[in-house]
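Below: one structure, written as structure tokens.
The values are calculated or read from the model by the stated rules, or taken from the named source; none is laboratory data. Since this is a predicted model, take the numbers as computed values, not measurements. Cβ placement follows ideal geometry from the backbone for every residue including glycine, while neighbour counts extend to all protein chains displayed. Protein only, heavy atoms only, side chains kept; ligands, DNA and RNA dropped before computing areas. Shrake-Rupley method; radii C 1.70, N 1.55, O 1.52, S 1.80 Å.
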Amino acid sequence: MLGDDDVARLVAAASHGDQGAWNAIVDRYLPLVYSVTRAYRLSRSDAEDVNQTVWLRLVEHLDQLREPRALPRWILTTAQHECSRLTKAGRREQPVDPQTDRALGGAVDDDVVEADLLRAERQQSLRDGLAQLRPADRRLLLLLTEDPPRSYREISALTGMPVGSIGPTRARCLERLRDTPAVRALLAGESPAAHTGGDRDERQPTPQRR
Amino acid sequence: MSANPRHNGDDPLLAELAEAQDAARAVPESMRVAARAAFAWRTVDEELELLVLAHDSALAAGPAGVRDVPSDGPRALTFQGAALSVEIEVGADVMGQLVPPQPGRVTLSGTREVLAETAADALGCFRLPRPEGGPVRLVCRTDDAAVTTGWIRL
């Protein structure tokens, strides 16, 4: 699991050719890309196309990412652009209800998409926050969020923590989660997905040689 | 204080954390494989200059995405390079021009294979079939320049 500084290190390592670092970046942000394709109700094959495009573009841009911590926003915005263009292209070919100016059948409601995008951002911030916790805190929170849920007795057996202290420790872990840079940024409204930026931020005034 | 009231209570925060973990587990493995494999393109064709996407009419309407009004007419894109730029319009076909105008060879490639290849005429004009779905790029070679666009879906 990785913190912010680790992301900067991973980006640097990947841009020097480290496949392992690239895989770690993928593992961390792939769920964000997938959630965006789900928010736009893309078909599986469209989602695969968008996913591949986003990662190929990131490979091209690795050397130009001036602020690796902006990576989640870059990924989110790039995925959004690709998805929204597909949705718009689809709408042009769909019959439109003249009363509502909405596509008939299979139409994506903008408000529903927006709500799902916000949820995708929040979930990425929570996963990032979790990665920024110290290992013991992270382990307890992961045990507490397993499906099906574990009893405190099981968690006690796994962690060596007395049953009676799991509740208070849980509260402290969640407080520290709220206090991680990722979740603090989220609560302050500086989510990774401010609806600007993306790959346009990375546009260079002069062409880059690879 | 919180943008999301679910983060104020412990139980709602823990519930959303569980949802975040579930969402991560739901990603199809094929997408992970494709994302990891993209890295193999990092050093391919290093001799080609990577053009900068300077204009894309599909993005020009605004960054908000879902609320953009669809623009009419074919999508127009400009890829800018130091000595050679490429302008294309994507309608039923891909119509393009090398700028400054000059003859050359233009190749349309997917990640697995070359999809089409054509000559640009004396004015730099070329026409290619419009590809389906997946990411592609255009590689253009003239007497003086060898350039590639970034990966893009047309």
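For this structure, a couple of remarks:
- Per-residue mean of foreign Cβ neighbours for A:39-51 is 3 (Cβ atoms of other chains, 10 Å radius).
- Pairwise centroid distance, computed over Cα atoms, of region B:23-55 with region A:125-152, Å: 30 Å
- Excluding ligands, DNA and RNA and using a 1.4 Å probe, chains A and B jointly bury around 6300 Å² of accessible surface, summed across both partners.
- Selection from A:PRO149, A:ALA182, A:GLY160, by position along the positive dipole direction of region A:133-192 (Cβ): A:GLY160
- Partner shielding of A:27-35 amounts to 5, given as the average count of beta-carbon atoms from other chains within 10 Å of each residue beta-carbon.
- Averaged over the residues of peptide B:36-45, the number of Cβ atoms from other protein chains lying within 10 Å of each residue's Cβ is 6.
- Under a 5 Å amide H cut-off, with hydrogens placed 1.01 Å from N, B:SER85 pairs with B:VAL99 among residues at least 5 apart or on other chains.
- GNM remark for chain B: springs join alpha carbons under 10 Å apart, and the peak mean-square fluctuation among B:LEU51, B:LEU14, B:LEU98 falls on B:LEU14.
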